[in-house]
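The values are calculated or read from the model by the stated rules, or taken from the named source; none is laboratory data. No experiment lies behind these values; they were computed from the predicted model shown. So basically every Cβ, Gly included, is an ideal-geometry build from the backbone, and we count neighbours across all protein chains shown. The area values use the complete protein model at the heavy-atom level, side chains included, leaving out ligands, DNA and RNA. Shrake-Rupley method; radii C 1.70, N 1.55, O 1.52, S 1.80 Å.
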Amino acid sequence: MSKNTVLTLVGSLRAESTNQKLAEAIQLNAPEQVEVLIHETLGNIPFYNEDIDVEGQVPAAAAALRAAANSADALLLVTPEHNGTVPASLKNAIDWLSRPYGAGALNGKPTAVVGTAFGQFGGVWAQDEARKAVGIAGARVLEDVKLAIPGSMVRFAEVHPKDDAEVVEQIKGIFAALEDSRTVAAA
């Protein structure tokens, strides 16, 4: 039996990002039949520009992102909140994945958005903006998947999210929703 692949894009580029740690916790807690791949090169992708999105000239990092998304069964966006919205690196990835218009790698792809932020609401504004952007880009957004962890810098200062029982329990809900979306798509 082949594994279902969940491509995970982390909006923070910082090495010790709490969102990177959350993505790692998600990867470590994936069910046996699910492979979570964390895409590591969002910082290497140039800002989207139609002038460079030309067959045979697409930058290698953007082409690799598109290939990974096309191969994945689902996407998971893990986002911090930058000034009340989604980070530029994640928005840029969404822009690259939305093209070519109507046939981009996001088209019909089950996509969930989660994250953590320093503020008291855990980055819900950024998550809402990311859901909006990927939905417009053609993804099948899993609106019921919610995981917003507030106060992340304090909460995870000495404890990795993988060792936080409440977070691990919430991660299980992400995989249940992804599995449900797969069942619905197959029907």
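In the set G108, G102, only one residue is touching a strand residue (DSSP E or B) at 6+ places or on another chain (Cβ under 8 Å) and outside any helix (DSSP H, G or I); that residue is G108. Is it the case that T8 is within 30 Å of E169 (Cβ to Cβ) and of a type in the set (S, T, Y)? Yes; evaluated as a whole, the condition is true for this residue.
If only residues of the stretch 122-144 that are under 12 Å from the mean Cα position of the chain (by Cα) and among the β-branched types (V, I, T) are counted, the one that is most open to solvent (accessible area, probe 1.4 Å) is V141.
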